[in-house]
Amino acid sequence: MAAVRAVFAALCIALTACGSSTAPPAPTLTPPETPTAAATTPAAGPSATASVAASRCVEEGGELRYASGTTTVRGAFLRPQGTGPFPAALVLHTRGGLNEHTRSEASWLASRGFIAYAPDYFTPVGVTPRSFDRQTFTLRYSDAVRDLLAGAISCLRERGDVERSRVGVVGFSMGGYFAAVLAARDDVNAAAAWYAAYAGSPANNVPAQHSWTDVAAAAKRPLLLLHGDADQDVRI
């Protein structure tokens with residue numbers, strides 16, 4: 001939980017989304033909304049900036065799903081009470097997949113006034129936490145996941161209850177790597193990554209389509225990197 005609060009503080013500063021110290025009402029669900037304009041296809045590489053079309057973006061039963069090409073992406077969706085517009089945070093899971101840990105982080109952000117969306121970016125590329133392999137994943141699927149998550153940003157920005165000028169990304173471990181990748185996009189306003197030096201880092205000896213150095217250098221938006229220097233699993 002300390003990780004979430006540190007990331008929340010970073011997003012508050014970058015998105016100017018901090019409210020009062022009084023805790024807001026618990027998050028609730030609202031009816032699905034109809035998506036608006038589609039967008040264009042991203043360029044290759046870590047600095048892709050164009051939006052990806054989310055041809056359908058539907059909220060139902062605490063889940064938000066959207067189409068990216070022929071693929072459907074699903075994930076946990078939470079929002080504060082009220083009509084908004086609210087700042088929004090894309091919450092990206094670790095190699096453990098979209099589990100209760102990630103959902104609880106999204107719920108906490110929603111309780112602090114953010115619309116929070118935690119998509120499952122493993123299932124669309126045929127990966128599970130059990131089958132996950134760092135080297136295979138980062139070499140084979142990095143660009144595909146980047147494009148899927150760009151669709152998630154488009155999906156959020158299409159919603160009438162999201163303030164488009166305050167859309168951020170929070171990522172943990174593998175998700176932190178992709179949070180940094182998304183910081184290169186024009187439609188992301190800020191990103192925060194927790195123990196994110198996971199792929200393309202010489203210390204981890206895990207090759208990637210785009211090295212950690214290149215990804216960080218490509219960031220156009222405020223990018224906060226949070227890491228423990230004694231971390232022996234995800235080293236920097």
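The values are calculated or read from the model by the stated rules, or taken from the named source; none is laboratory data. Treat the numbers as computed from the prediction; the structure is a model and nothing was measured. Quick reminder, even Gly has a Cβ in these numbers, built from the backbone with ideal geometry, and neighbours come from all protein chains shown. Just the protein is used for accessible areas: all its heavy atoms, side chains included, with ligands, DNA and RNA removed. Shrake-Rupley method; radii C 1.70, N 1.55, O 1.52, S 1.80 Å.
When the solvent-accessible surface of protein heavy atoms is calculated with a 1.4 angstrom probe, in what order do His227, His93 fall, highest first?
If we order His227, His93 from most to least accessible, we get His227, His93.
Which whole-number percent of Cα pairs in the range 87-143 have a distance greater than 16 Å?
Counting every Cα pair in the range 87-143, those more than 16 Å apart make up 46 percent.
What value in Å³ per residue do you get for the convex hull of the alpha-carbon atoms in the range 79-235?
Values: hull volume 16.3 nm³, N = 157.
Here the figure is 104 Å³ per residue.
Take Asp186 and Asp233, extend 7 Å from each Cα along the Cα→Cβ direction, and tell me the distance between the two endpoints in nm.
With each label point 7 Å from Cα toward Cβ, the separation is 3.9 nm.
Pulled fully out, how much extra length does the chain show between His101 and Thr213, if you take 0.36 nm times their separation in residues and subtract their Cα-Cα distance? It would help to have the intermediate numbers written out before the result.
Details: separation 112, 0.36 × 112 = 40.32 nm, distance 2.82 nm.
Difference between extended and current length: 37.5 nm.
Given the Cα-Cα distance of Thr136 and Arg164 and 0.36 nm per residue of separation, how much length would full extension add, in nm?
6.6 nm
Sequence-distant or interchain residues sharing an amide H contact under 5 Å with Val162, placed H: which?
Those qualifying (amide H under 5 Å, at least 5 residues apart or on another chain) are Phe86.
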